[in-house]
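Visitor: Take a look at the following structure, please.
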Amino acid sequence: MRIALVSFAAVATLAAAAPAMANEARVETRGGVIWNNSDTEATAGIAAGYDYDLGDKLFVGVQGSADKILTGGTRVSWGAGGRVGMKLTPATKAYALADWESKNTRYGNSAVGVGGGIQQDVGSRYYVKAEYQHLLVGDNTPDADRGVVGVGVKF
């Protein structure tokens, strides 16, 4: 049930973005750690997205991603979702995010991730970011948490 509710919230966020004015496309690389009750592993990935302005202070965005847990027996987890946030300064964005992610092991389950982050511009085209996400896995599989830092470029 909670996965369905979070998925609905992500779709609603994406739908709200449709009539907005275009702001910027972005691509990034990121790395960090993922953990649950028993394991902690390194993770690395890439993402691409598009943010839409909702006035001077607010924005919404869509994003696709590919992440890999850096250990044997795992595979690339593909993700699709969105984020909504505010511009704290012209160069700083704080946001909440939600996405769906495919399973990262042959026998695992897909997940819905919810969390937040902060993105700081470095010059006019580049940025750095930090994110935290709680992964709601379901089907009696333990939930997980992920923290990543990333660097990216805006278009």
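Each value in this text was obtained by applying a stated rule to the coordinates, not by laboratory testing. What you see is a predicted model; the values in this text were computed from it and never measured. So basically every Cβ, Gly included, is an ideal-geometry build from the backbone, and we count neighbours across all protein chains shown.
Visitor: Scan the chain and hand back the longest stretch that contains none of the trypsin sites (Lys or Arg not before Pro) lying in DSSP loops with at most 16 other Cβ atoms within 10 Å.
Guide: Details: sites that count: 57, 75, 103, 106, 125.
Segment 1-56 is the longest.
Visitor: How large is ³J(HN,Hα), in whole Hz, for each residue of the range 66-77 in order, when computed from phi with the Karplus curve 6.51 cos²θ - 1.76 cosθ + 1.60 and θ = phi - 60°, using x for Gly and Pro?
Guide: My calculation for the range 66-77 gives 9, 10, 9, 6, 8, 8, x, x, 10, 9, 5, 9 Hz in order.
Visitor: Out of residues 5 or more away from residue 103 or on other chains, whose amide H comes under 5 Å of its own, with H placed 1.01 Å from N in the peptide plane?
Guide: 110
Visitor: Got a sec? Charge dipole of the range 2-154, +1 on Cβ for Lys and Arg, -1 for Asp and Glu; which of 23, 105, 47 is way out at the positive end?
Guide: Result: 23.
Visitor: Here's another thing I want to ask about it. Which angle between 0 and 90 degrees, to the nearest 10, do you get for helix 2-17 versus the longest principal axis of the chain when only C-alpha atoms count?
Guide: The helix 2-17 is inclined about 20 degrees to the chain.
Visitor: Give the lysines reachable from residue 68 as a straight Cα distance under 27 Å; neighbours fewer than 8 places away on the same chain don't count.
Guide: Counting by Cα, and skipping residues close in sequence, residue 68 has these lysines nearby: 93, 103, 129, 154.
Visitor: Something else about it: Per residue of the range 118-131, what does 6.51 cos²θ - 1.76 cosθ + 1.60 with θ = phi - 60° give for ³J(HN,Hα)? Whole Hz please, x for Gly and Pro, Karplus curve as stated.
Guide: 9, 10, 10, 5, 10, x, 8, 10, 10, 8, 10, 8, 9, 9
Visitor: I've got another one for you. Provide the per-residue ³J(HN,Hα) series for the range 149-154, in order, calculated from phi with Karplus coefficients 6.51, -1.76, 1.60 and θ = phi - 60°, each as a whole number of Hz, with x at glycine and proline positions.
Guide: Karplus values, whole Hz, x for Gly and Pro: 10, x, 10, x, 10, 10.
Visitor: Can you give the charge dipole size of the range 2-154 about its Cα centre, rounded to the nearest 20 debye, using +1 on the beta carbon of Lys and Arg and -1 on the beta carbon of Asp and Glu?
Guide: The dipole of the range 2-154 has a size of about 200 debye.
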